[in-house]
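One structure is given here, and the rest of the page talks about it.
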Amino acid sequence: MTDFIITNLENGLFTITLNYPEKMNCMGFDMLEGIDKAVDMAKINDDVKAILFQGAGERAFSTGANIKEFEKLKDGEVKRWIEFGNDINNKIETLSKPTVAYINGYAMGGGLELALACDFRLVSDTAILASPEVSNGWLPGWGGMTRLRRLVGEAHSKRIILFGEKLDANEALRIGLITKIVQRNEVQEFLNKLMRMKPIAYALAKSAIMDSTRTTLGTDVDFDVLAVKISHDKE
């Protein structure tokens, strides 16, 4: 595992730490590759009951892309960068296991996009969340625009993406961008509750919530009947 990523499995919790604190855990290709490998490990390991993403240090979860690295990319490399980040976040979003981002300090750009791919976002009272890409002349490229709009709606998405507004923890909670404001010692309690969930029921319910293609009442009912039967038979 790359030095930019630290992983730890303890009592069912798989922690993935973004480890570049001197640069506020900004993400280059090496870190992305580390995240990708860590997520693959968590997916296939039956001992993993929940996954926690966090940033090293006290200043940031992640401030997003490593700008110096990004600005040196050639056209083909930019395409790979965007596709790779998208693939990772899609992989995180579709994991059947619970995923939590703990945000202490800044979550900006690609860092916010990674957090948006998680099921839950727990933040400290000092957290700042922002999507400054448009202000800097490019776009959020790792699925953040779609996930943000789905989570908080069009009006708030425009504030954050088009206007570049930075949100503190209280405002992020008010608009539904985050799950909860917590003290660091409350994170484990939240995770313990998640790890007590029945895994098959959790996975099926998560799939149903996220599946935007099931738009008719009949289809919803059919899925719900099937999901309840499967969870009842398996748990």
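Listed by first and then second residue, the pairs with beta-carbon distance under 9 Å, at least 6 apart or on different chains, first residue in the stretch 110-130 and touching a residue at least 40 places away in the same chain (Cβ under 8 Å) and part of a loop (DSSP other than H, G, I, E, B), second among the charged types (D, E, K, R) and surrounded by fewer than 21 Cβ atoms within 10 Å (Cβ to Cβ), are CYS118/GLU93; ASP119/GLU93; ASP119/LYS206; SER124/ARG184; ASP125/ASP168; THR126/GLU58; THR126/ASP168; ALA127/ASP168.
Counting residues that are at pLDDT below 95 and not assigned by TED's automatic domain parsing to the domain that holds ARG59, which helices (runs of 4 or more DSSP H) fully inside the stretch 133-222 reach at least 1?
On the way: elements: 144-152, 154-157, 169-174, 184-195, 199-210.
Because the criterion is at least 1 residues that are at pLDDT below 95 and not assigned by TED's automatic domain parsing to the domain that holds ARG59, the helices (runs of 4 or more DSSP H) in the stretch 133-222 that meet it are 199-210.
The set of residues from the stretch 115-153 being small (Gly, Ala, Ser), under 15 Å from MET27 (Cβ atoms) and in contact with a helix residue (DSSP H, G or I) (Cβ under 6 Å, 6 or more places away or on another chain) comprises ALA117, SER131, GLY141, GLY143, GLY144. Between ALA101, ALA107, the distinction of being assigned to a strand (DSSP E or B) and under 17 Å from LEU139 (Cα atoms) belongs to ALA107 only. Scanning the stretch 130-170 for residues that are aromatic (Phe, Trp, Tyr) and out of contact with any Leu (no Cβ under 9 Å at 6 or more places or on another chain) yields TRP138, PHE163.
Can GLY111 be described as buried (at least 24 other Cβ atoms within 10 Å of the Cβ) and at pLDDT 95 or above?
Criteria met by GLY111.
The values are calculated or read from the model by the stated rules, or taken from the named source; none is laboratory data. Note that this is a predicted model, so its numbers are computed, not measured. Reconstructed Cβ throughout: ideal geometry from the backbone, glycine too, with neighbour counts over all protein chains shown.
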